[in-house]
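The values are calculated or read from the model by the stated rules, or taken from the named source; none is laboratory data. Predicted model only: the values in this text are computed from it and were never measured. Here the Cβ positions follow ideal geometry from the backbone for every residue, glycine too, while neighbour counts run over all protein chains shown. Side chains included, ligands, DNA and RNA excluded: accessible areas come from the protein's heavy atoms. Shrake-Rupley method; radii C 1.70, N 1.55, O 1.52, S 1.80 Å.
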Amino acid sequence: MQLGQDTELDEVRRRVRDLAAKHAPPRHPRTGVRAPEAHEIPALRKWTGLLFSEQLLGVHWPVEYGGLENPHPLFESAVTDELIRAGGAGPVGGGLLAAAAIIASGTKEQKDHFLPRIRSGEHIWCQLFSEPDAGSDLASLRTKARRSGDDFVVNGQKVWTTNGQYADWGYLLARTDNDAPKHAGITAFALDMTTPGVSVRPLREITGTADFNEVFFDEVRIPASRVIGEVNQGWAVTTASLALERSSAGSGASLFGALDRLARLANEVTVDGRPAIERDDVRQTIGGFVADVHVNSLVSALGDSRALHGTGDLGDAPVSKILFSEINLALHEYGLDLQGHDGVRIEGDSQVRDQGWWQDAFLYARAFTIAGGTNEVLRNLIAERALGLPR
Ligand SMILES: Cc1cc2nc3c(=O)[nH]c(=O)nc-3n(C[C@H](O)[C@H](O)[C@H](O)COP(=O)(O)OP(=O)(O)OC[C@H]3O[C@@H](n4cnc5c(N)ncnc54)[C@H](O)[C@@H]3O)c2cc1C
């Protein structure tokens, strides 16, 4: 066996590269999952539809909804990796996360309605989970949904909603039973984001971009037919999508591109009048990053291999995610250090390097230590659930 190599997956990767080279819409180069500009949305819907129609996404869905018979278990993680390597031209929105919940827990009517529209790119989804006082401890969420005839009526607030400003639909968690233990009184809904009473306010981050939003609900009516799964069983519904989010967070494919950039940078910038790359300390530091990135890639491949053979444990995905996000942070901090005083230039400055990519990546790198479970919480999870240490 050759870790990380597989002819079936190599072919999948080649198809993604070819398709991205021909059809991926051009975007400003940035790291991470970034909100598009409004004018980019039509092209991104089309691109999302193309990824599905070329059977590169949704391959693990039931065959009647466009999935493949017996796809390779790592098919979609290979696709995600290649899309990241191709510059982050992924599908727009959280449709894959919502689809995981609808497939696992939705009614036939919901599957027939939503899955084709996610596949075509007609519906962009956002995930309405986190609240100002409910992030790591998501089950303490306080947005309420009360029954009123054939509807539920929602009041409350969400935060950090990626793509909320463009989403057609929201995958919402709300509390439907105040008296039940906190994990037991939550219900999952599909919310039409154009419903009266929904307001979305973009949040501008330290990067200067507005990738997240606050979303407010004021007497928002959702038909009871849009409950995903059973009332008060929303916690079980989210398990399907949260597992997907965590497992896709740490593959580290973007780090290889970052290493290339770092090597280029070290050749271009000068320290004490000499190209930085000629200094021993610079070469040693970059060599250290090369080793770290390869270790991360191998740890991620090992986790995949263990999952394939049923020998993995709950620590595998968190270990990869922590490794990736901390190497990513250190590498981009070093990239700015190497630029000396020029490191403080920002996007829009005529002398900033790579259109401000380094500054943006340095600031955004913090997001990877939070998204998909913060590194602190994931360390707890490794200690308690994988190693069996006391709480
Ligand atoms: C890029 C990105 C995209 C996101 N997209 C979405 C989205 O689309 N929809 C959505 O609903 N949310 C989204 N989020 C929010 C994300 O899920 C939360 O940020 C995350 O769950 C952490 O919650 P919090 O921000 O409230 O931090 P808190 O949970 O308040 O944590 C604050 C600090 O306390 C630490 N901490 C908390 N509990 C413990 C503990 N038990 N032990 C040790 N330390 C602890 C944390 O590690 C952290 O450092 C996104 C976040 C990011 C960064």
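In terms of overall dimensions, the range 125-234 has a Cα radius of gyration and Dmax of 13.4, 45 angstrom. For the range 250-386, the dipole from Cβ point charges (+1 on Lys and Arg, -1 on Asp and Glu) about the Cα centre works out to 240 debye, to the nearest 20.
Principal axis extents of the C-alpha atoms in the range 7-92 (largest first, rounded to whole Å): 37, 27, 21.
How big, in percent, is the set of alpha carbon pairs in the chain lying more than 35 Å apart? Every Cα pair in the chain considered, those over 35 Å come to 28 percent. For the chain, the longest principal axis of the Cα atoms and the long axis of helix 95-105 meet at an angle of about 40 degrees. Count Lys and Arg as plus one, Asp and Glu as minus one, and take only other residues whose Cβ is under 14 Å from that of residue 52; the net charge is then +2. For residue 269, nonlocal amide neighbours, meaning residues 5 or more places apart or on other chains whose placed amide H falls under 5 Å from its own, are 276.
So, in the chain, how many Lys pairs have Cα atoms under 25 Å apart, if the pair is 8 or more places apart or on different chains?
Working: 22/46; 46/111; 144/158; 144/182; 158/182; 158/321.
Within the chain, the lysine pair count is 6.
The range 322-339 to the range 145-211: how many Å between their Cα centroids? If we compute the Cα centre of each part, the gap is 34 Å. Based on Cα contacts under 8 Å between residues 6+ apart, the chain shows a relative contact order of 14 percent.
As a check on your grasp of the helix formula, calculate [θ] at 222 nm for the chain: sum -39500 (n - 2.57) over DSSP H runs of n ≥ 4, divide by the residue count, round to the nearest 500. Numbers along the way, then the final one.
On the way: 11 runs with 168 residues, N = 391.
That comes out to -14000 deg cm²/dmol.
Keeping the other protein chains in place, figure out the carbon and sulfur percent of the accessible area of the range 87-223, with a 1.4 Å probe.
Values: 2850 of 5670 Å².
Of the solvent-accessible surface of the range 87-223, carbon and sulfur hold 50 percent.
Over the range 143-208, one equal point on each Cα, no solvent: what is log10 I(q)/I(0) by the Debye formula at q = 0.17, 0.27, 0.29 Å⁻¹? Taking Cα atoms of the range 143-208 as identical point scatterers yields -0.68, -1.30, -1.41.
Only Cα pairs under 8 Å and at least 6 apart count here; give the relative contact order of the range 250-386 as a rounded whole percent. Could you put the intermediate results ahead of the total?
On the way: 125 pairs, mean separation 37.1, N = 137.
For the range 250-386, the relative contact order is 27 percent.
Would you mind getting the Kirkwood hydrodynamic radius of the range 25-64 from its Cα pairs, rounded to one decimal in Å? Walk me through the numbers before you get to the answer.
Working: mean 1/r = 0.0846 Å⁻¹.
Evaluated on the range 25-64, it is 11.8 Å.
Short to long, the 10 Å bins of the Cα pair-distance histogram for the range 170-245 hold 17, 38, 35, 9, 0 percent of all pairs. Remark: the range 269-346 carries a charge dipole of roughly 140 debye about the Cα centre, counting +1 on each Lys and Arg Cβ and -1 on each Asp and Glu Cβ.
In percent, what relative contact order does the range 112-223 have, based on Cα pairs under 8 Å that are 6 or more apart in sequence?
Working: 247 pairs, mean separation 31.2, N = 112.
Dividing the mean separation by the residue count of the range 112-223 yields 28 percent.
Compute the angle between helix 357-368 and the longest alpha-carbon principal axis of the chain, please, reported from 0 to 90 degrees and rounded to the nearest 10. Orientation of helix 357-368: about 40 degrees from the principal axis.
The ratio of the alpha-carbon radius of gyration of the range 208-324 to the globular-protein estimate 2.2 N^0.38 Å is 1.65. Using only Cα coordinates, the Kirkwood hydrodynamic radius of the range 250-386 works out to 16.2 Å.
Here the calculated FRET efficiency for residue 333 and residue 150, from their Cβ-Cβ distance with R0 = 41 Å, stands at 0.15, rounded to the nearest 0.05. Helix 234-249 axis versus longest C-alpha principal axis of the chain: approximately 10°, rounded to the nearest ten. Comparing 350, 77, 136 in a Gaussian network model of the chain, where Cα atoms under 10 Å apart are tied by springs, the biggest mean-square fluctuation is seen for 350. Rolling a 1.4 Å probe across the protein heavy atoms gives the range 13-165 an accessible surface of 46 Å² per residue.
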